[in-house]
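Undergrad: Questions regarding the structure given below will be posed in turn.
The values are calculated or read from the model by the stated rules, or taken from the named source; none is laboratory data. Fair warning: this is a prediction, and the values are worked out from it, not measured in the lab. All Cβ positions, even for glycine, are placed from backbone atoms using ideal geometry, and neighbour counts span all protein chains on display.
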Amino acid sequence: MAFQTLDGNEAVASVAYRLSETIAIYPITPASVMGEHADDWAALKRPNLWGQVPSVVEMQSEAGAAGAVHGALQAGSLVTTFTASQGLLLMLPNLFKIAGELSPFCMHIAARSVATHALSIFCDHSDVMTARGTGFALLASGSVQEAQDLAAIGHAVTLEARVPVMHFFDGFRTSHEISKIAALSDEELQALVSHEGVEAHRARRMTPDRPVVRGTSQNPDAFFQSREATNPFYQAFPEKLESAMDRFAGVTGRRYRLFDYVGHPEAERVVILMGSGAECAHETVDWLLEQGEKVGVLKVRLFRPFATDRFLVALPDTVKSLAVMDRTKEPGAQGEPLLLEVSGALMEAWSRGERQTLPRVIGGRYGLSSREFTPAMVCAVFDELKAGAPKTRFTVGVRDDVTQLSLEVDSELDIESPETRRALFFGLGADGTVSSNKASIKILGEGTDLYAQGHFVYDSKKSGATTVSHLRFGPLPIRSSYQIRKAQFVAIHAPQFLERFDVLEHAADGATVLLNVPWSSDEAWDRLSVEVQRVLVERNARLYVIDAADVAEKAGLERRINTVMQVCFFALADILPRDEAIARIKDSIRETWGRRGPEVVRRNVEAVDSALAHLYEVPVPDKVTATRTRPPRVPEDAPDFVQKVTRLLLEGQGEKLPVSAFPPDGTWPTGTSQFEKRSIAQEIPIWESDLCVQCNFCAMICPHTAITAKVFEPEAARNGPETFETVPETHTSELEGLDYRLQVAPEDCTGCGLCVEVCPAKDRTRPKRKAINMQPLEEHRETEAENLKFFRSLPDVPRDRIPRDFKSLPLLIPLFEYSGACAGCGETPYIRLLTQLLGDRLLIANATGCSSIYGGNLPTTPYTMNADGRGPTWNNSLFEDAAELGLGMRLGLNKLVGRARQLLDGMRDRLPQGLYSGLTGPCATLDETAVAARRKAVARLRDWLAEQQGPEVQELVSLADELCPKSVWVIGGDGWAYDIGYGGLDHALASGQNLKLLVLDTEVYSNTGGQQSKATPIGAVAKFAAAGKETRKKDLGLLAMSYGHVFVAQIAMQSHSNQTTRALQEAESFDGPALIIAHSPCIAHGYDLVNSPAQQKRAVDSWAWPIYRFDPRRIDEGLSPLQLDSVRQKVPMKTYMQEEARFRMLELRDPERYEQLVAAATEAAQDQRELYKQLAGIHFEPHEHPESGSEEGESHD
Amino acid sequence: MTDLTTRWLGLELRSPLVVGAGPLTDDLGALKACVDAGAGAVVMHSLFEEQLVAEQMAAHRFIDSRINMDAEARSFFPGSEMFEMGSRSYLKRLERLRNGLDVPVIASLNGISPGGWTHHARELEDAGAQAIELNLYDLATDPGDTAATLEQRQLDVVRSVVEQVSIPVSVKLSPFYSALPAFVAGVEKAGAKGLVLFNRFYQPDIDLDQLTLSRELVLSSSAELPLRLHAVAMLFNRTKLEMAISGGIHSGDDAAKALLSGATAVQVVSALLAEGPQALARISDAMSRRLRNMGYNTLVEARGALSLANAPDSQTWERLNYARLLHGWR
């Protein structure tokens, strides 16, 4: 038997791939990886069980994938797909069809929460439970081994039973857990799959040789019978599944049943559940049996069709009380789905006389959105079952102080076997910690007899992300499907973690603690805070330090410390002989990086060789000697909600917050990112005021709003901190008399260096010195933090004083700051600029994707407010519907505006002099003077209303602010705009409504890891275009132009900010729909983003990214609506393409194909340029406009 | 008609004119045109040690370090096993040139430190290179490095490359050696078979408007030729190494001079970049015409006729001439 260490996604994909001919997918976390593996294997020409390379197709949405699946099944193909959560919901209509047509088909779900009040990428069963009525069989796995095995069984049984199978396992917990499993060979799969089943499926295919019709439309006389005609298939399914499971056991020796019972044969208390939680319950039951308890767990493998008879057989007759645990919530239901099935089955058995008694049945919810489910919680459930009057409905793992449903849990309980070694690693996203831990598990899993398990937890930041790796290994099988509570080894890979959270919370007594710190072993102890020292002393820990960053840097690996830390782990953990461990690490480096190139291997090996010479033990004294305590996680003057809730979320203690702490409807305050202060930069830009030319390019380009410019009255800054330097504003005549300062946010900067890159001001005698220069954070952190605080407190000058040109716009207050986007992100500057233009009158409908994650992923959000408490209001609905969401906002808003006007009109005669006209005249969103006047008029109206009586008065008070103009913007990426949301985007444009759509085009699905979209250009390598994309990028702008009534612009801010600022303002002033397509440099392009301004310029100059504006208003002026903002092709396409790894990869792999695709890209650009040049020269006769305005469109003026 | 065939590094060339290492050697079509126009061999552009290292490390930094850092994105590119950042693409191009051209293809390696990269020499041989031109491009910026240490390091590089392969290795030098003949003797001892004189330094310019350095490729001119003629004339008969001139060959007369100074082969790069492959035909025709008019039947007769050893006023190549020239100027 071959053992492999791999994660659930790979284990399942490997089976599904080999048993399929057609694979239609769409990326969605946490299932994307399965599709990616399939794509990789197909690119490597790996055959399926029948010697063919499966066709892997990425569709425009999961709805599309399901359609393609349906079609492929009808054509007689063997088909699979992978999805989760919203993806599964989008597939639902086709799933009903596929089941209705009794098509053999097995799909795999990495179960994930369905978005409700918030999106969550984490696990529960709300997605599969929503699909339980489709007619699919639902098969649940609880571990990586089971996921692989049941995947195979699922594919086998569906061919025989014709009932399609939805095989699910827990997202992240199982899909991403690395585990040592017995891998299924091709021969084993061969023995499992029924050839007759394949033949029969093919025989049912649609073919004109034997024509049939399917998908008819049926009337009341026929539909019902047809549905009932499927009954025998569902009745037969359990037996067929049992037979497949028997066959599987015969082939592999691993036995599964529809319901697997583990526990005392005469158990009195039993829990029933499915998924990974059942493994934790299994582990706990084993432990409780040792304590002499009569308990058991019933693992449900087949949820639908629910096999009542098998269930009754599996459940011991002795059971007196039963807890049914659902990992989902159905608000208002009598109980969650599994509870209802179990209750119904028992009830029926009793009513039929098959059972003499009924056990007491209680139902509980656990583990929503990957909330931990631990042995302590299982014990709490068993305890509850013992109670005289247990809670009939309960929750566990949450503290419910609102409806008091939760059970008390003994958080100190630890039942894990001492033979299982447990290690925790705190790493930075980019330092390679997770990668080397995965390698370590492989080393231990495949090189020894030990069992090994790895689970990885990521925060939601895209820059300076924190990762926590949980590694277990030992001689016994590992069922612990929860995070490590007591670790014998804790490694802290970045010193800042010591200051940010309680990294030693889970250190076991006698733990070994390894720190990567830039300190010598002599000074290390004294550098630690009271909190850290206390844990080390109290838990008798052994402390080791290494300056891994220095070792890595000397080996030429910059700050990639993973191999250094990996060596230290093996040296200290003492699982393998040291030399053997080091040899295996080197082998693994060669295996992983060998093809990347010998230098990569050489440097990593050098780091391995020099690691141990720099590892020192630090003696732990018998008492705490420090006086310095860990700094508070949020400033003491932060608002109450931030202190009480956000702080705990930031400290990683959010689970301890009770239900009452949370808003029940998902409504959260904005303006919280300013309290996060992650200090992730090594170096930050420092201003040299003597050189600064006040161009504000730095503030314009900064992805994190970490460098901002401001003008203010000189007196306002008089009492600033000593180092708060200011200079007179000297470059803009409108701002004469004001002072100017450029301010860095030292603890929010990511150190990307873009600001310095674009700074044009140089010291004439030492041109290396610019007006801003990167300098070590630690030298400036305190002073600049103090300066920032004062800078933020400076009152803004009236908005209408600031000119609306690209150099001055950055002086407007940004209402989007300190997001968690990647260092160097090309998207965020557009959003920040939008908030500078319109922030206090802006409603945003955001598509899911990077911009919804850095825009709205708790614990903090970057959207913020101005001094008046106004700012952007933001909502993310789904991936696919942002345009519709925005359109709805616009329509709803228009009605409120209309109602406010109606009420105002009713009071017109009574209003004070001049107020009515002040509230109803033209007031464009960009006319700052008019908006300021309107706000004053509204304030006057409120004052007046305060003295009036009547129901309309109250109503107008609540609607009065709608008399000020508002703007609705839709924001999303290219995956949304070009693919999944294109239909909605198109419809919103067609609607003619005053709605603006901003497409942040990175030319791939960035958030899920670089899958191709229809925005991906020719020649680019992306996932699902591993050989380089062959077809042209869809010209979304041209499609929108074809309406004629849509303002369209394509922009590139980092290189052409002047055109960008014009386009945004023209779009906003256009009374109708506008589409802005924004070039967004992204890490998925594979180059150092500090070069993105130059690279973006190449994109524009080569016509890879033409910039233009299409303004229908110009027709009335006798002009062509299209203006090209960069007409000539100034550099060859190749000059642009050769700078990015996504193109260069293809050149390396297949130079001839690269040349072909470069030529094709060049042609595409030429064709587009020719077409655009002609369009830009077109002359229309101005239209005669009838004198009537649209009722709905009025809100704008 | 002068017989233009010659032997360079043991390879039979139908003409001494060789397409030198440069950007043009990426373009198979242009190279074919050069061969049609009479080129005797092709030197491929250099496989740079620094570039290989830089590219591998950049991929490590910008692709590999973005693996396993995000809950939603396992990575940002398709599986890394499919992409290799080593010499593979160079080797593929080399194979393509070998298959596409019926003249010898010489690969070029550029590096300064004896180390792991010299194994690429073997790969080049395996991929069909018929000789290797080793470009010793070095810039001394560290005051601690003496001429002796640098020269020794370079000779170590030559030795380690020669040891890797069974095909001949030529060494391309810079003009800046205090004692060129002695160094050349070292090169010979290290096992090289030929010399290419000289490489042209990448010379950034100063942009006064932007207060920056500008990096534009400046093409050579015939004015650069005499430096090379001088070196070859001086070394002729003092070394067993065959010599090629690279730099400053823009006309048939330039090429003829190179041969008369003692060169066995003549490399052309800038003229091809400026004019395209037809430059080669122009130079070739003019060179043949000139040699024929001078009455040479074979290249052997012409080679070194005006070297230090054979020239009638050979002291003109030496220092004495310098004084006379200045004297005569008064």
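This table checks each residue for (1) among the polar types (S, T, N, Q); (2) surrounded by fewer than 20 Cβ atoms within 10 Å (Cβ to Cβ); (3) farther than 22 Å from A:Q60 by Cβ; (4) touching a residue at least 24 places away in the same chain (Cβ under 8 Å).
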position	(1), (2), (3), (4)
A:L95	no, no, no, yes
A:I98	no, no, no, yes
A:L102	no, yes, yes, yes
A:F105	no, no, no, yes
A:I109	no, no, no, yes
A:T116	yes, yes, yes, yes
A:I121	no, no, no, yes
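Undergrad: Just to check your reading of the model, which residue among B:A255, B:A244, B:A233 is in contact (Cβ under 8 Å) with a residue 60 or more places away in the chain, in a strand (DSSP E or B) and of a type outside the set (D, E)?
TA: Going through B:A255, B:A244, B:A233 in turn, the sole match is B:A244.
Undergrad: Let me ask another. Counting only residues that are closer than 21 Å to B:L109 by Cα and assigned to a loop (DSSP other than H, G, I, E, B), how many does the stretch B:177-218 have?
TA: So the count comes out to 12.
Undergrad: So B:A131 clears everything in (1) within 14 Å of another protein chain (Cβ to nearest Cβ); (2) surrounded by 19 or more Cβ atoms within 10 Å (Cβ to Cβ); (3) not charged (D, E, K, R) except one condition, right? Which one?
TA: Result: B:A131 fails condition (1) only.
Undergrad: Still on this structure, please answer the following. Identify all residues within the stretch A:132-156 that are surrounded by fewer than 24 Cβ atoms within 10 Å (Cβ to Cβ) and under 15 Å from A:R327 (Cβ atoms); write none if there are none.
TA: A:R132
Undergrad: Please count how many residues of the stretch A:433-479 are within 21 Å of A:A147 (Cβ to Cβ), among the hydroxyl-bearing types (S, T, Y) and in contact with a helix residue (DSSP H, G or I) (Cβ under 6 Å, 6 or more places away or on another chain).
TA: Selection size over the stretch A:433-479: 1.
Undergrad: Does the stretch B:303-317 contain any residue that is of a type in the set (D, E) and either more than 16 Å from B:K257 (Cβ to Cβ) or modelled with pLDDT of 90 or more (or both)?
TA: no
Undergrad: Additional query: For the stretch A:93-195, which fully contained helices (runs of 4 or more DSSP H) count at least 3 residues that are in contact with a Ser or Thr (Cβ under 7 Å, 6 or more places away or on another chain)? Before the answer, list the steps.
TA: Working: elements: A:126-130, A:144-161, A:186-192.
Per the criteria, A:126-130, A:144-161.
Undergrad: Scan the stretch A:597-653 for residues that are surrounded by fewer than 20 Cβ atoms within 10 Å (Cβ to Cβ), part of a helix (DSSP H, G or I) and small (G, A, S) and jot them down.
TA: A:S610, A:A613 - these are the residues of the stretch A:597-653 that are surrounded by fewer than 20 Cβ atoms within 10 Å (Cβ to Cβ), part of a helix (DSSP H, G or I) and small (G, A, S).
Undergrad: Pairs under 6 Å by beta carbon, first residue within 7 Å of chain A (Cβ to nearest Cβ) in the stretch B:55-72, partner acidic (D, E) and surrounded by 23 or more Cβ atoms within 10 Å (Cβ to Cβ), six or more apart or different chains?
TA: B:Q56/A:E599
Undergrad: Still on this structure, I have one more. I'd like to know if the stretch A:211-234 contains one or more residues that are under 18 Å from A:T158 (Cα atoms), in contact (Cβ under 8 Å) with a residue 24 or more places away in the chain, touching a strand residue (DSSP E or B) at 6+ places or on another chain (Cβ under 6 Å) and assigned to a loop (DSSP other than H, G, I, E, B).
TA: No, the stretch A:211-234 has no match at all.
Undergrad: Continuing with the same structure: Does A:I585 satisfy being within 14 Å of chain B (Cβ to nearest Cβ), of a type in the set (V, I, T) and crowded, with 20+ Cβ neighbours inside 10 Å?
TA: no
Undergrad: Also: Keeping to the stretch A:521-530, report how many residues are touching a residue at least 24 places away in the same chain (Cβ under 8 Å) and either more than 23 Å from A:T433 (Cβ to Cβ) or within 35 Å of the chain's Cα centre (by Cα) (or both).
TA: 5
Undergrad: Which numbered condition in (1) of a type in the set (S, T, Y); (2) crowded, with 24+ Cβ neighbours inside 10 Å; (3) not in a helix (DSSP H, G or I) is the only one that A:S417 fails?
TA: The number of the failed condition is (2).
Undergrad: So A:F456 fits all but one of (1) more than 11 Å from chain B (Cβ to nearest Cβ); (2) closer than 23 Å to A:W593 by Cα; what number is the exception?
TA: (1)
Residue by residue, here is whether (1) surrounded by fewer than 20 Cβ atoms within 10 Å (Cβ to Cβ); (2) aromatic (F, W, Y); (3) farther than 26 Å from A:Y818 by Cβ holds:
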residue	(1), (2), (3)
A:T467	no, no, no
A:L471	no, no, yes
A:L504	no, no, yes
A:D509	yes, no, yes
A:S529	yes, no, no
A:A555	no, no, yes
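Undergrad: List every residue pair whose Cβ atoms lie under 8 Å apart, where the two residues are 6 or more positions apart in sequence or sit on different chains, the first residue falls within the stretch A:843-856 and is within 19 Å of A:Y978 (Cα to Cα), and the second residue, located anywhere, is assigned to a loop (DSSP other than H, G, I, E, B) and of a type in the set (D, E, K, R).
TA: If the second residue must be assigned to a loop (DSSP other than H, G, I, E, B) and of a type in the set (D, E, K, R), the pairs left are A:A847/A:E880; A:A847/A:D881; A:C850/A:K462; A:C850/A:E827; A:S851/A:E827.
Undergrad: Something else about it: Condition first: assigned to a strand (DSSP E or B) and in contact with a Leu (Cβ under 6 Å, 6 or more places away or on another chain). Now tell me which residues in the stretch A:1055-1076 satisfy that.
TA: Taking the stretch A:1055-1076 as the starting set, the residues that turn out to be assigned to a strand (DSSP E or B) are A:1074-1076.
If the condition is that a residue be assigned to a strand (DSSP E or B) and in contact with a Leu (Cβ under 6 Å, 6 or more places away or on another chain), then A:L1075, A:I1076 are the ones that fit.
Undergrad: Taking interchain pairs and intrachain pairs at least six residues apart, which have beta carbon atoms under 6 angstrom, with the first residue in the stretch A:46-63 and surrounded by 19 or more Cβ atoms within 10 Å (Cβ to Cβ) and the second among the polar types (S, T, N, Q)?
TA: A:P54/A:S20; A:P54/A:N48; A:E62/A:T83
Undergrad: From A:T835, A:T765, A:T783, which residue is in a loop (DSSP other than H, G, I, E, B), of a type in the set (V, I, T) and either at negative phi or away from every other protein chain (no Cβ under 14 Å) (or both)?
TA: The unique qualifying residue is A:T765.
Undergrad: What's the number of the condition A:E947 fails, among (1) among the charged types (D, E, K, R); (2) more than 30 Å from A:W976 (Cβ to Cβ); (3) free of Cβ contacts under 8 Å to residues at least 12 places away in the same chain; (4) in a helix (DSSP H, G or I)?
TA: With respect to (1) among the charged types (D, E, K, R); (2) more than 30 Å from A:W976 (Cβ to Cβ); (3) free of Cβ contacts under 8 Å to residues at least 12 places away in the same chain; (4) in a helix (DSSP H, G or I), A:E947 is out only on (4).
Undergrad: Are any residues in the stretch A:1112-1148 over 12 Å from A:A1099 (Cα atoms), within 14 Å of chain B (Cβ to nearest Cβ) and touching a residue at least 12 places away in the same chain (Cβ under 8 Å), and if so, which ones?
TA: Result: A:A1141, A:R1142, A:F1143, A:R1144, A:M1145, A:L1146.
Undergrad: Which residues, taken from the stretch B:134-173, are part of a loop (DSSP other than H, G, I, E, B) and either surrounded by fewer than 17 Cβ atoms within 10 Å (Cβ to Cβ) or in contact with a Leu (Cβ under 7 Å, 6 or more places away or on another chain) (or both)?
TA: Residues satisfying the conditions are B:L136, B:D138, B:L139, B:A140, B:T141, B:D142, B:P143, B:G144, B:D145, B:T146, B:S166, B:P168.
Undergrad: A:L514 passes all but one of (1) farther than 21 Å from A:P619 by Cα; (2) modelled with pLDDT of 95 or more; which number fails?
TA: Unmet for A:L514, out of (1) farther than 21 Å from A:P619 by Cα; (2) modelled with pLDDT of 95 or more: (1).
Undergrad: Follow-up. Give the residues of the stretch A:901-923 that are within 19 Å of A:S967 (Cα to Cα) and either exposed (fewer than 15 other Cβ atoms within 10 Å of the Cβ) or among the charged types (D, E, K, R) (or both), sorted by residue number.
TA: So in the stretch A:901-923, the residues within 19 Å of A:S967 (Cα to Cα) come out as A:901, A:919-923.
Hits for the stretch A:901-923 are A:R901, A:G921, A:P922.
Undergrad: Quick check on my filter: what residues within the stretch A:1025-1043 are modelled with pLDDT of 95 or more and outside any helix (DSSP H, G or I)?
TA: Residues satisfying the conditions are A:K1029, A:E1030, A:T1031, A:R1032, A:K1033, A:K1034, A:D1035, A:S1042, A:Y1043.
Undergrad: Counting residues that are closer than 25 Å to A:G1010 by Cβ, which helices (runs of 4 or more DSSP H) fully inside the stretch A:1086-1189 reach at least 1?
TA: Working: elements: A:1092-1101, A:1113-1116, A:1133-1137, A:1141-1149, A:1151-1176.
Counting at least 1 such residues, we get A:1092-1101, A:1133-1137, A:1141-1149, A:1151-1176.
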